[in-house]
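Asks: Pasting a structure below so you can have a look.
Rule-based calculations on the coordinates, nothing more; no lab input. Keep in mind it's a predicted model, so treat the numbers as computed, not measured. All Cβ positions, even for glycine, are placed from backbone atoms using ideal geometry, and neighbour counts span all protein chains on display.
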Amino acid sequence: MNFKKVDIPSIFYDTVEEKPIEKCQLCEAFLLSDHYYFIEKAFRKTEVIYEFALCYHCINKMKKKISKESLKKMENYMKTQEGFLEREKELNSNDYNDQDWLGRCAITQKDKSELEEHVIVGMFEGNQMLASIFPYAISTNALENLQSQLSEKTKEEMGNFKNDLIKPSPELEDIFTKPSPIFV
Ligand SMILES: [Zn+2]
């Protein structure tokens, strides 16, 4: 993968503090030194409904709890999405900007303004973001398609995982049960 290192864009900042997220949501490791980590942030229209950062170590731990079959299915789902593959080629020569990387659903290609809910996910190293196929935006519709290919057991694991991370209010439960793009 061809990475461009860029300063962390403010769209991935801690919404309340308005600065880069400092800690892993699970193990509380300080992330801004030299850790590899991912940030997932969900929006309803422009409102942030949840956000978290997870260090590589914690993601790997989580991955071990998900069946290999489901991980493979998630991976294959992304790999077979034409839009997603085209996008990678298209972005290769561009300098990072929020609009090109996050302006539309990477799967359905729908513009963000048309989406009811969407999730963005990015990959980071310390105080830099690694731009490649990440970061990307994905609509809840695309996550629903992905979810329909997963076993009941994995769906449950995904739900439990997010529940452990952040306590959702009841009206957010729907998006909480969607698979986390971090694992794709
Ligand atoms: Zn961690």
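Asks: How large is the Kirkwood hydrodynamic radius of segment 1-49, in angstrom, based on all distinct alpha carbon pairs?
Replies: So the Kirkwood estimate lands at 12.4 Å.
Asks: Still on this structure, I have one more. Calculate, for GLN128 and LEU85, the FRET efficiency according to 1/(1 + (r/R0)^6) with r their C-beta to C-beta distance and R0 30 Å; round to the nearest 0.05.
Replies: 0.70
Asks: Please state the Cα pair-distance histogram of the chain with 5 angstrom bins from zero: what percent is in each bin?
Replies: Pair shares across the bins are 1, 8, 17, 21, 23, 18, 9, 2, 0.
Asks: Can you give the local net charge around GLY122? Use residues other than it whose beta-carbon is closer than 14 angstrom to its beta-carbon, Lys and Arg +1, Asp and Glu -1.
Replies: Residues close to GLY122 contribute a combined charge of -4.
Asks: Moving on to the next point. So what's segment 41-129 giving for Cα Rg divided by 2.2 N^0.38 Å, two decimals?
Replies: Computed over Cα atoms of segment 41-129, the ratio equals 1.22.
Asks: So, one more: How much length would be gained if the chain were fully extended between LYS5 and TYR36, taking 0.36 nm per residue of separation minus their Cα-Cα distance, in nm to one decimal? Spell out each step's value before the answer.
Replies: On the way: separation 31, 0.36 × 31 = 11.16 nm, distance 1.26 nm.
Taking 0.36 nm per residue and subtracting the Cα distance, the gain is 9.9 nm.
Asks: Restricting to Cα pairs below 8 Å that are 6+ residues apart, what does the relative contact order work out to for the chain? Please round to a whole percent.
Replies: Reported relative contact order: 27 percent.
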